[in-house]
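Heads up, the thing below is written out as structure tokens.
The values are calculated or read from the model by the stated rules, or taken from the named source; none is laboratory data. Computed from a prediction, not measured in an experiment: that's the story for all the values here. Cβ atoms come from the backbone with ideal geometry, glycine included; neighbour counts cover every protein chain shown. Note: areas computed on protein heavy atoms with side chains; ligands, DNA, RNA excluded. Shrake-Rupley method; radii C 1.70, N 1.55, O 1.52, S 1.80 Å.
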Amino acid sequence: MSTMNTVGRPTAPNQVDSKPATLTGGRGLLQNEALIFEGDGWGKTGVDLPEPKTDGSDLGDLVRKDPIGLPGLSEPEAMRHYVRLSQKNHAIDLAIYPLGSCTMKHNPRLNEKMARLAGFSDIHPLQPISTVQGALELMDTLAHWLKTLTGMPAVALSPKAGAHGELCGLMAIRAAHEAKGEHEQRRKVLVPTSAHGTNPATAAFVGYSVVEVAQTEDGRVDVADLASKLGPDVAAIMVTNPNTCGLFERDIIEIARLTHEAGAYFYCDGANFNAIVGRVRPGDLGVDAMHINLHKTFSTPHGGGGPGAGPVVLSEALAPFAPAPWVVHDDNGYRLIEREEDEAEQAFGRLCAFQGQMGMYVRALSYMMSHGSDGLRQVAEDAVLNANYIKARLQDLMSPAFPEGPCMHEALFDDEWLKGTDITTLDFAKAMIDEGFHPMTMYFPLVVHGAMLIEPTETESKAELDRFIHAMRLLAGAAKAGDVDRFKGAPFHAPLKRLDETRAARSPVLRWSAPEGSNQAA
Ligand SMILES: *Cc1c(COP(=O)(O)O)cnc(C)c1O
């Protein structure tokens, strides 16, 4: 069957190509939407402002010479523009969002309500401390929950994402080695091959050289290889647990012991904390520093939907070097330790201008308190159960990367099962879009060929998992039956087809400019 029409765009296999194309480019109640700058909002305004009383400008010579370059849309026009754009994309409110490593769970509306309370959302970081006692108490309570859940004595709340938390942790580690006079000799950070890209990037950013640690056949850190690379020149190891293959590091206690014996610190990438929250305390495993992605484990929206927050818990050894600020309280109430003279002599500095992502703190604490400690334990249990359900229901058709034993919160498949079909992991993912499902994470971790990493999270019901599994089984069956056209040209039904994702990432066009000869200002 032909898959190319006259304009070079593939048409879908089966009956779709017998249907007439629409005249406007719209499809089934979804209108086509141009960029806001390409609309006809020029030279008009959507608001009715009174004429200015003064002639000329209060700014003297500084009069604008060119049009301001903003389209003047009315409220319904602006709203429709963004709603139409949003319909071209996926959202966690639409369906399962199975991106492995990203923990795309439902964001409870209660959290949003709490974050919008005026006492949290309408305050300013430079307000007198006496007027923001409630906000500081909330930060202190959140810190208490994070320390309790991880079994760690200190936490730096201010890092604004997981990667920023890694930076915080490694800077605390560097400060600790500097305090011991060992910084000059300890120049290496050990990172397993399966690590998230941010781990080696952070170590390099802080000035360390990165040494890779091998992985065993069953997807864990190769302890013998690690031991052979540990020594007086190593500052830290960075290990993710559960790791990026969705597996618990069985030898984690031994890994921590060996690391400490060599005088190095154990940085744990805690992005996968969702799998163990309420069940395992990283402090009990010998971790010295770990970031917690509030936007993953504690449900604050992310992925185009909101900012992140990456608080870092620290062990006794690293706590003195925690960055300012932090909250303390005494009989006079809550206050912030911000400067050296306020008891922060050993702090390595600060990571951001003020206190961090207040809105995320509110949402995360709201999530914690509405679950309670028993509920948080169930989060981990259900997340792991859901991933194992998917693994069990798909493993007869697809090839699990590590078939032995159960997984943690992610089901990882490789592309072995696609051998001989001429269909790649990418083709398969694009065909999922046609079926209405956001693809899983692809080609990560790099140690697994053609990886497909599926993380359902605990917030998906069995019914939703069954819908996903049903679609996956139909697609896998089509792939095995040689229905190659369905995959090679996919997505056929999405508003945008295959994009040059590499070019989009490497040379992004971040600024719209008016086409030649147009009278629109840019
Ligand atoms: C998400 C993630 C990170 C980075 O977190 P960001 O908040 O995106 O910076 C680091 N490591 C792992 C394993 C992750 O999944």
Tabulated pairs, segment 351-374, first farther than 16 Å from ALA143 by Cβ, second of a type in the set (Phe, Trp, Tyr) and surrounded by fewer than 20 Cβ atoms within 10 Å (Cβ to Cβ), C-beta under 8 angstrom, 6+ apart or interchain: GLY359/PHE120
Where a residue in segment 103-114 is under 16 Å from PRO307 (Cα atoms) and its partner, wherever it lies, is away from the ligand (no atom under 16 Å from the Cβ) and assigned to a helix (DSSP H, G or I), with Cβ under 6 Å and at least six apart: ASN111/SER366; ASN111/TYR367
Selection from segment 291-327 of residues that are over 11 Å from GLY356 (Cβ atoms), within 11 Å of the ligand (Cβ to nearest atom) and open to solvent by 10 Å² or more (accessible area, probe 1.4 Å): HIS295, LYS296, HIS302, GLY303
Among the candidates PHE413, PHE428, PHE444, residue that is touching a Leu at 6+ places or on another chain (Cβ under 8 Å) and part of a strand (DSSP E or B): PHE413
Conditions (1) away from the ligand (no atom under 14 Å from the Cβ); (2) under 25 Å from the mean Cα position of the chain (by Cα); (3) at pLDDT below 95: number failed by GLU338: (2)
Residue in segment 154-162 that is away from the ligand (no atom under 16 Å from the Cβ) and surrounded by fewer than 20 Cβ atoms within 10 Å (Cβ to Cβ) present: no
Helices (runs of 4 or more DSSP H) within segment 457-506 that include 2 or more residues under 28 Å from the mean Cα position of the chain (by Cα): 462-480, 501-506
Any hit, segment 276-290, residues being within 11 Å of the ligand (Cβ to nearest atom) and either farther than 23 Å from LEU138 by Cα or more than 25 Å from the chain's Cα centre (by Cα) (or both): no
Subset of segment 33-76 (residues that are in a loop (DSSP other than H, G, I, E, B), surrounded by 10 or more Cβ atoms within 10 Å (Cβ to Cβ) and in contact (Cβ under 8 Å) with a residue 40 or more places away in the chain): GLU33, LEU35, GLY39, TRP42, PRO67, GLY69
Criterion violated by LEU149 - all others in (1) more than 29 Å from PRO325 (Cα to Cα); (2) away from the ligand (no atom under 15 Å from the Cβ) satisfied: (1)
Residues of segment 77-95 satisfying the condition of being surrounded by 15 or more Cβ atoms within 10 Å (Cβ to Cβ) and part of a loop (DSSP other than H, G, I, E, B): HIS90, ALA91, ILE92, ALA95
Among (1) surrounded by 21 or more Cβ atoms within 10 Å (Cβ to Cβ); (2) free of Cβ contacts under 8 Å to residues at least 60 places away in the same chain; (3) among the polar types (S, T, N, Q), the one test that ASN386 misses: (2)
Matching residues, segment 244-261, being within 16 Å of the ligand (Cβ to nearest atom), more than 12 Å from LEU285 (Cα to Cα) and either touching a strand residue (DSSP E or B) at 6+ places or on another chain (Cβ under 7 Å) or outside any loop (DSSP other than H, G, I, E, B) (or both): CYS245, GLY246
Pairs, first charged (D, E, K, R) in segment 312-337, second surrounded by fewer than 19 Cβ atoms within 10 Å (Cβ to Cβ), C-beta under 6 Å, six or more apart: GLU316/PRO153; ARG335/ILE129
Some residue of segment 201-210 being buried (at least 16 other Cβ atoms within 10 Å of the Cβ) and farther than 25 Å from PHE348 by Cα: no
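Quick one: would you say SER86 is of a type in the set (S, T, N, Q) and over 29 Å from ALA490 (Cβ atoms)?
Values: of a type in the set (S, T, N, Q): yes; over 29 Å from ALA490 (Cβ atoms): no.
So SER86 does not fit the description; no.
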Failed item in (1) within 26 Å of ILE454 (Cβ to Cβ); (2) in a helix (DSSP H, G or I); (3) of a type in the set (Val, Ile, Thr), with VAL362 passing the rest: (1)
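If a residue must be under 28 Å from GLU217 (Cβ atoms) and crowded, with 17+ Cβ neighbours inside 10 Å, how many such residues does segment 428-446 contain?
Summing the residues that are under 28 Å from GLU217 (Cβ atoms) and crowded, with 17+ Cβ neighbours inside 10 Å in segment 428-446 gives 8.
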Residue within segment 180-188 that is surrounded by 19 or more Cβ atoms within 10 Å (Cβ to Cβ) and more than 23 Å from the chain's Cα centre (by Cα) present: yes
Among (1) within 16 Å of the ligand (Cβ to nearest atom); (2) over 23 Å from ASN274 (Cβ atoms), the one test that ALA179 misses: (1)
Top-ranked residue in segment 96-120 [being of a type in the set (A, V, I, L, M, F, W, C) and away from the ligand (no atom under 16 Å from the Cβ); ranked as surrounded by the most Cβ atoms within 10 Å (Cβ to Cβ)]: ILE96
Identity of the residue in segment 306-335, closer than 21 Å to PHE273 by Cα and out of contact with any strand residue (DSSP E or B) (no Cβ under 9 Å at 6 or more places or on another chain), that ends up modelled with the highest pLDDT: ALA309
Pairs with Cβ under 9 Å, 6+ apart, first in segment 159-171 and farther than 19 Å from GLY207 by Cα and among the charged types (D, E, K, R), second near the ligand (Cβ under 7 Å from one of its atoms) and open to solvent by less than 30 Å² (accessible area, probe 1.4 Å): LYS160/GLY308; LYS160/GLY310
